[in-house]
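Enquirer: So that we are looking at the same thing, I have put the structure below in structure tokens.
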Amino acid sequence: MLLEARSRIRRYTPEEAFAADVLLVDTRSTDERRRDGIIPGSVHAPLSVLEWRADQTSGSANPDLAGHVLVIVCAHGYSSSLAADRLVALGIEAGDLDGGFEAWRAAGLPVAGAPDEL
């Protein structure tokens, strides 16, 4: 299932996502975000409600997600692939961050968030 999902989406390396005109959507839990930090400028949309937040016709949409290519971020880059594939099935332009937040941090890209900052 994961390989099939990945065949239908664009996967961005951390460096590609950093340089691209995309919106990073962080699906990690609030606890993970407090513990590990966040990507500055990313928007939080928990995985459990991602489709409703991204689909601007849902009645529960987050308007901050409208009009952007969405790059979905999870901790390690697995659930984000499946989530991005579901968004693509809804007609939303989406991909995911290869390796997730951990790859972003390992690449030395900006991370905000001592726990008391979140």
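We did not get these values from a lab; they are worked out from the coordinates using the rules stated. Note that the coordinates shown come from a computational prediction; the quantities given were computed from them, not determined experimentally. Positions of Cβ are backbone-derived with ideal geometry, glycine not excepted, and every protein chain shown enters the neighbour counts.
Enquirer: Work out, step by step, the length gained on full extension between Val49 and Asp64: first 0.36 nm times the residue separation, then minus their alpha carbon distance; give nm to one decimal.
Expert: Numbers: separation 15, 0.36 × 15 = 5.40 nm, distance 1.47 nm.
Gain on extension, Val49 to Asp64, equals 3.9 nm.
Enquirer: Using alpha-carbon pairs under 8 Å, 6+ residues apart, how would you state the relative contact order of the chain in percent?
Expert: Numbers: 214 pairs, mean separation 42.9, N = 118.
It rounds to 36 percent for the chain.
Enquirer: Once every DSSP H run of n ≥ 4 in the chain is given -39500 (n - 2.57) and the sum is divided by its residues, what mean residue ellipticity at 222 nm do you get, rounded to the nearest 500 deg cm²/dmol? Walk me through the numbers on the way to the answer.
Expert: Details: 6 runs with 42 residues, N = 118.
The helix-only estimate for the chain comes to -9000 deg cm²/dmol at 222 nm.
Enquirer: Hey, can you grab everything whose amide H is under 5 Å from the amide H of Val43? Only 5+ residues off in sequence or another chain; H modelled, so Pro and N-termini drop out.
Expert: Distant-sequence amide H within range of Val43: Leu24, Val25, Asp26.
Enquirer: Now for a separate question. Based on DSSP, what percent of beta bridges with both residues in segment 2-117 are antiparallel, to the nearest 5? Intermediate results must be reported in sequence, preceding the final value.
Expert: Details: 1 of 13 bridges.
Taking every DSSP beta bridge within segment 2-117, about 10 percent pair in antiparallel fashion.
Enquirer: Treating segment 2-117 as a set of equal point scatterers at the Cα positions, no solvent, please give the Debye-formula log₁₀ I(q)/I(0) at q = 0.13 Å⁻¹.
Expert: -0.43
Enquirer: Under unit Cβ charges (Lys, Arg +1; Asp, Glu -1), what dipole magnitude, rounded to 20 debye, does segment 27-118 have relative to its Cα centre?
Expert: On the way: 7 positive and 13 negative charges, 20 e Å.
Here the size comes out at about 100 debye.
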